[in-house]
Amino acid sequence: MGRVGDVTAAESGGSVVRRILLGSQLRRLRESRGITREAAGYSIRASESKISRMELGRVSFKARDIEDLLTLYGVAEEGERTALLGLAREANVAGWWHSFGDVLPGWFQTYIGLEGAASLIRIYEVQFVHGLLQTEAYAHAVVTRGQPDAPCAEVERRVALRLERQKALVSERAPRFHAVLDEAALRRPYGDRAVMRGQLKHLIEISEQPNITLQVMPFSFGGHAGESGAFTMLSFPESDLSDIVFLEQLTSALYLDKREEVAQYERVMERLQEDSPGPEESRDVLRGLLQLI
């Protein structure tokens, strides 16, 4: 990908992961010493909720705060302190998506950072084609339908943001992307006939990419494991970071990382992949739908 300022998208995406990693390490250090969040907050002139946000990786870090917390937690070894402070500096790198702050809700910024840092992205979608697979024309139709009163300039900004996210799929450090699209997402029209034909052709072409696996869950299968609706699973190269399930809602999102919850979604994803036609058969489904438009 191209550079945004002096930082690549992959690096700025990684900053979100580093915030989460540093936060989890700070939490483990605090708990190992039996120190409450309230006491930790007092030591850095902050509230208990500030410590909670730091440990969840939802805020940037001040070097002075990290130094004071490490001292409180009894981390005296210089190498360990230096490593954690370095992680804090890397975690504060601004993401490329910050320039889209005018059209990007705060709760979605975390997701974009995680998406950009993931080594494996698995999705199930039922309402429409997933954003990472949308053509510009289809994305324009989706945004317009979802934001009917938005000015043209805002619609264009939202579409541009979606196209910028897609660059990760063809970058040097492209993640593996495994998508299961319900047939409903492919039959529901967004835009006119030309837009839908262009979208289906794009799916056929992009599914040939070596890092992309695309499957279609056909109506003919009947009821299936994805009954709870769309979801995204993100996996990361960092061994300290667990898989995350992302559930988007109308005005917010859920990020699930508890092992037992992630395991349930893992089983659903595996069943969807097993029950859907394979990649080549799914391309045949797409070609069949294309002939109907």
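The values are calculated or read from the model by the stated rules, or taken from the named source; none is laboratory data. What you see is a predicted model; the values in this text were computed from it and never measured. Cβ placement follows ideal geometry from the backbone for every residue including glycine, while neighbour counts extend to all protein chains displayed. Only protein heavy atoms, including side chains, enter the accessible area calculation; ligands, DNA and RNA are left aside. Shrake-Rupley method; radii C 1.70, N 1.55, O 1.52, S 1.80 Å.
The table for this structure:
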| read-out | value |
| --- | --- |
| Sorted largest first, extent of the chain alpha carbons per principal axis (Å) | 68, 41, 34 |
| Mean separation of Cα contacts under 8 Å, 6 or more apart, over the residue count of the chain: relative contact order % | 19 |
| Rounded tilt (10° steps) of 63-72 against the dominant C-alpha axis of the chain | 60 |
| Computed E for residue 219/residue 194 - FRET, C-beta separation, R0 35 angstrom, nearest 0.05 | 0.90 |
| Between helix 78-91 and the chain: long-axis angle, C-alpha atoms, 0 to 90°, nearest 10 | 40 |
| Residues residue 98 and residue 28, FRET efficiency given R0 of 25 Å [Cβ-Cβ distance, rounded to 0.05] | 0.30 |
| Accessible area expressed per residue, region 28-156, with surrounding protein chains retained (probe 1.4 Å, Å²) | 49 |
| Helix-only [θ]222 nm of the chain, DSSP H runs n ≥ 4, -39500 (n - 2.57) each, per residue, nearest 500 | -16000 deg cm²/dmol |
| Potential lengthening between residue 38 and residue 171 on full extension [0.36 nm per residue; Cα-Cα distance subtracted] | 43.5 nm |
| Inter-part distance where region 45-106 and region 112-188 are each reduced to a Cα centre, Å | 30 |
| Rounded FRET efficiency, nearest 0.05, which uses the C-beta distance separating residue 82 from residue 163 and R0 of 41 Å | 0.55 |
| Segment residue 48-residue 154, extension gain: residue separation times 0.36 nm, minus the distance between their alpha carbons | 34.4 nm |
| Computed Kirkwood radius, in angstrom, where 1/r is averaged over Cα pairs of region 48-91 | 10.8 |
| Surface share of carbon and sulfur [accessible, 1.4 angstrom probe, percent] for the chain | 49 |
| Accessible solvent surface per residue of region 158-208, calculated while the other protein chains remain in place, 1.4 angstrom probe, Å² | 48 |
| Qualifying trypsin sites (Lys or Arg not before Pro) in region 237-280, DSSP loop, other Cβ atoms within 10 Å at most 10 | 258 |
